[in-house]
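Working notes for the structure below.
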Amino acid sequence: MLVRHQLLHAAVLAPSGQWLTQDQPESEVRVLDGPAAMVELAAEIQHRTRTTRDRTR
């Protein structure tokens, strides 16, 4: 969902259960340890999006 809405460039589930994510094509790949870490990342992105939107109003 985060990739589809262009909030992340890529998110791939590895066979180990870790998530490999990338914010932009040229950014570093981050390794997240499982689903809870992915939920934390989504919450972080949501907070950042809402904070940015509130500043532009």
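The values are calculated or read from the model by the stated rules, or taken from the named source; none is laboratory data. Every value quoted in this text rests on a predicted model; they were computed, and no experiment measured them. Cβ: placed from backbone, ideal geometry, glycine included. Neighbour counts: every protein chain shown.
Restricting to segment 15-30, what's the tally of residues that are in contact with a strand residue (DSSP E or B) (Cβ under 6 Å, 6 or more places away or on another chain) and not polar (S, T, N, Q)?
Residues of segment 15-30 in contact with a strand residue (DSSP E or B) (Cβ under 6 Å, 6 or more places away or on another chain): 18-22, 29-30.
Subsequent filtering for residues that are not polar (S, T, N, Q) retains 19-20, 29-30.
Matching residues across segment 15-30 total 4.
Among the residues of segment 20-57, which ones are at pLDDT below 90, assigned to a helix (DSSP H, G or I) and over 13 Å from Leu8 (Cβ atoms)?
Quick first cut of segment 20-57, residues at pLDDT below 90 only: 48-57.
Checking which are assigned to a helix (DSSP H, G or I) leaves us with 48-56.
Those that are at pLDDT below 90, assigned to a helix (DSSP H, G or I) and over 13 Å from Leu8 (Cβ atoms): Arg50, Thr51, Thr52, Arg53, Asp54, Arg55, Thr56.
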Qualifying residue in segment 22-37 (condition: in contact with a His (Cβ under 7 Å, 6 or more places away or on another chain) and surrounded by fewer than 11 Cβ atoms within 10 Å (Cβ to Cβ)): yes
